[in-house]
Every structure is written in structure tokens, then in C-alpha cells.
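This report refers to the structure that appears directly beneath it.
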Amino acid sequence: MAEHFFMNMTLQQTKFLEVLQLRFAQNPNRHQGIDWSEVEQKLMNSPEKLASVFEMETSGGEPDLVCFEQQWFYVDCAAESPIGRRSLCFDKAAWDERKEHKPSGSAVEMAHKMGIELLSEQQYRSLQSLGKFDLKTSSWIQTPMNIRQLGGALFCDRRYDTVFVYHNGASSYYAARGFRGCLKI
């Protein structure tokens, strides 16, 4: 996918880095005390990660650098769950068990193909401390195995100025539910 896009330094790659730099500069509360040149160097030294961040961007995620527990992650910071990653069931097993009206795919599989992971509940809550996200949508999050083995999966949103964690059948899917991803750099 995007890996071929970034095989060599191109004008498109330069423009994409400019987009990331601008977003970085516009949202300093997400990464206090970090210099853009350090971030850019890490991305340039890891073309596969830059390609994954590009996938986040092209699917509507508006990725930005966020610090979780003193570690650097690129995280989907779009106000609503990324539009290019909605109407998905939770994982491939859930997709396989649907007999009819299957969604186009699953959140876990799509994240894996993009080279990213779904946010954990703690990461989702940390992201919400930096802004207001998912006021109209919801996002699948990593689900503990004991819940998943029983057929369920977790998702989150923000309503009434509060972050809620809910459960649903893993095979369910809705037009307003997608997933937010993260990538450690």
C-alpha cells in the first residue's frame, strides 16, 4: 500500500511531512516539550512507520504525536472516528460468524493491515484528556480476551462531557462506529 508510496523521498512524502509538522505545531498540548525535528528524524528513519501514519491520514484519522506514559505514539486525533474506518465489526472471527449483511471488514484486521493497533481503554481516556473526541461517533477499543471469548467487544465515546466504555456483540457494526489507532514511534 503506502510502503511503495514512500520507497524514495518524494514530493508527496515532503508534503505529507509538512502536514504532520503543521498539525504538530497547532496542537502543542498533545506533545509538550518535544521538538518537531526529533519526531521528523524518527519518522524518516522508519519508512514503514511513516507509511502507517500515512494510512492513518488517508483514512481520515488526522494523526498527531501524542505522549502516553512518556512514550511517543501517532494517534488518530480527528474529532470523530475516522470516516474511512467505520461500519466494521470488531475482528475477523466476528466477521466470519456473520451469516448475512457482512460489513466490509473488521477493525482489528484493518488496523493490522495498516501497521497500527486499536487504542486501549487507558489510551482512549488519555486522548480524551487532550480534547473532545467522538461526540457523535464511537470507536472500538482493545478488548480483554475474557470478554472477547464470550462474543463481546468494547467501544468508547464521549457524551455529556464524560467518556463512556460500552460493550456490544463483536459482530455488530454501525455507520457511526469505527476505530482509532495508534503507532508507537
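The values are calculated or read from the model by the stated rules, or taken from the named source; none is laboratory data. This is a predicted model, so every value here is computed, not measured. Positions of Cβ are backbone-derived with ideal geometry, glycine not excepted, and every protein chain shown enters the neighbour counts. Surface areas here come from the heavy atoms of the whole protein model, side chains and all, with no ligands, DNA or RNA. Shrake-Rupley method; radii C 1.70, N 1.55, O 1.52, S 1.80 Å.
Figures for the structure shown
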quantity: Single match in Tyr174, Tyr160, Tyr166 (criterion: open to solvent by 10 Å² or more (accessible area, probe 1.4 Å), over 28 Å from Leu50 (Cβ atoms) and free of Cβ contacts under 8 Å to residues at least 12 places away in the same chain); calculated: Tyr160
quantity: Residue match in segment 112-120 (condition: in a helix (DSSP H, G or I) and touching a Ser or Thr at 6+ places or on another chain (Cβ under 8 Å)); calculated: yes
quantity: Residues of segment 40-78 that turn out to be touching a helix residue (DSSP H, G or I) at 6+ places or on another chain (Cβ under 8 Å), under 27 Å from Trp140 (Cβ atoms), of a type outside the set (Lys, Arg) and touching a residue at least 40 places away in the same chain (Cβ under 8 Å), as a count; calculated: 24
quantity: Enumeration of residues in segment 143-157 that are in contact with a Phe, Trp or Tyr (Cβ under 9 Å, 6 or more places away or on another chain) and of a type outside the set (Asp, Glu); calculated: Thr143, Arg148, Gly152, Ala153, Leu154, Phe155, Cys156
quantity: Where Arg148 falls short, out of the listed (1) modelled with pLDDT of 95 or more; (2) open to solvent by less than 30 Å² (accessible area, probe 1.4 Å); (3) more than 18 Å from Gly60 (Cα to Cα); (4) not in a strand (DSSP E or B); calculated: (2)
quantity: Residues of segment 66-95 satisfying the condition of being under 12 Å from Arg23 (Cβ atoms) and touching a Phe, Trp or Tyr at 6+ places or on another chain (Cβ under 6 Å); calculated: Val66
quantity: Residue check for Ser139: open to solvent by 50 Å² or more (accessible area, probe 1.4 Å), small (Gly, Ala, Ser), within 21 Å of Ser59 (Cβ to Cβ) and free of Cβ contacts under 8 Å to residues at least 60 places away in the same chain; calculated: no
quantity: Any hit, segment 123-132, residues being open to solvent by 50 Å² or more (accessible area, probe 1.4 Å), touching a residue at least 40 places away in the same chain (Cβ under 8 Å), under 11 Å from the mean Cα position of the chain (by Cα) and closer than 22 Å to Ala51 by Cβ; calculated: no
quantity: Listing of helices (runs of 4 or more DSSP H) fully contained in segment 1-104 that carry 2 or more residues being of a type in the set (A, V, I, L, M) and surrounded by 18 or more Cβ atoms within 10 Å (Cβ to Cβ); calculated: 11-26, 36-44, 47-58
